[in-house]
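Below is one structure, written out as structure tokens, with a few remarks after it.
The values are calculated or read from the model by the stated rules, or taken from the named source; none is laboratory data. All figures in this text were calculated on a predicted structure; none of them were measured in a lab. FYI the Cβ positions are ideal-geometry reconstructions off the backbone, even for glycines, and counts take in every protein chain you see. Please note that ligands, DNA and RNA were not included when accessible areas were found on the heavy atoms of the full protein model with its side chains. Shrake-Rupley method; radii C 1.70, N 1.55, O 1.52, S 1.80 Å.
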Amino acid sequence: MKTFEHYFLAANRWALILLLASMSVIIFINVAMRYLTSNSLEWAEEVSRHMMIWLTFLGAGPVLRYGGHIAVENLQDALPPKAAIALRALVAALLFAFFGFMVWYGWLYMERTMFQLTAVTQIPFAYIYSAMFFGGLLLIVHWLLIVRGYVLRREFATDAHFDAAASASL
């Protein structure tokens, strides 16, 4: 399972790195062209926006696994240990249900928008909305990999590359 988790997280990270790098290059080239040649790439804004949507949905899983999302923890801090575990189990179940909701509605959006085309690139909107579907699936997998530690000990994954506590204190 650790091997799967390692490769799963590495693939997710590399997808994010490649998307962000590609988006940055496209925007840089477009801005440079606009100022140097008074022309721009017609498709740059649309493609970079779609890449940002994909970045958001694919990046939610790694942020979740390290506890980087905003959370209000005052109630569980005030509860006795067993009640806090029960509350975290409820939160875990609600999150799992929400991720399932994302997958379901991501699929519905994909079905409904398969024949609607984007303005410039003329690709089906379903390809953009599929980010919600795949992001929800990734959230479910990330959540399943860490949920036991979260519920029982309020632990998130730790990693040398990301420290949620340090990020939150900035």
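All C-alpha to C-alpha distances of the stretch 26-77, sorted into 10 Å bins beginning at zero, yield P(r) values of 21, 28, 22, 16, 9, 3 percent in whole numbers. May I ask which residue of 149, 39, 96 lies farthest towards the positive end of the charge dipole of the chain, with charges of +1 (Lys, Arg) and -1 (Asp, Glu) on Cβ and the Cα centre as origin? Result: 149, furthest along the dipole toward the positive end.
Rolling a 1.4 Å probe over the protein heavy atoms gives the chain an accessible area of 65 Å² per residue.
Amide H contacts of residue 123: 118, each under 5 Å away and 5 or more positions distant or on a separate chain (H built 1.01 Å from N in the peptide plane; Pro and chain starts excluded).
Counting Lys +1, Arg +1, Asp -1, Glu -1, what net charge surrounds residue 2 among other residues with beta carbon under 15 Å of its beta carbon? Can you show the working numbers first?
Details: positive: 65, 148; negative: 5, 159.
Taking every Cβ under 15 Å from that of residue 2, the sum is 0.
Taking the chain as the reference, fit the longest principal axis to its C-alpha atoms, fit the long axis of helix 125-153 to the helix C-alpha atoms, and give the angle between the two in degrees, 0 to 90, nearest 10. So the helix axis and the longest Cα principal axis differ by about 20 degrees. May I ask for the angle, rounded to the nearest 10°, between helix 81-112 and the longest principal axis of the chain, with both axes built from Cα atoms and the value confined to 0 to 90°? Taking Cα atoms only, the helix is inclined about 30 degrees.
With the simple model of a label 7 Å out from the Cα in the direction of the Cβ, residue 15 to residue 69 spans 1.7 nm.
Probe radius 1.4 Å, ligands and nucleic acids ignored: give me the carbon and sulfur share of the accessible area of the stretch 30-83 as a rounded percent. The partial results should precede the final answer.
Working: 2260 of 3550 Å².
Of the solvent-accessible surface of the stretch 30-83, carbon and sulfur hold 64 percent.
Expressed as a fraction of 2.2 N^0.38 Å, the value expected for a compact globular protein of N residues, the C-alpha radius of gyration of the chain is 1.25.
Evaluate the charge dipole of the chain about its Cα centre and quote only its size in Debye, nearest 20, assuming +1 on the Cβ of each Lys and Arg and -1 on the Cβ of each Asp and Glu. Walk me through the intermediate numbers first.
Numbers: 11 positive and 10 negative charges, 81 e Å.
Approximately 380 debye in magnitude.
Rounded to the nearest 500, the helix-only mean residue ellipticity at 222 nm of the chain stands at -26500 deg cm²/dmol, with each DSSP H run of n ≥ 4 adding -39,500 (n - 2.57).
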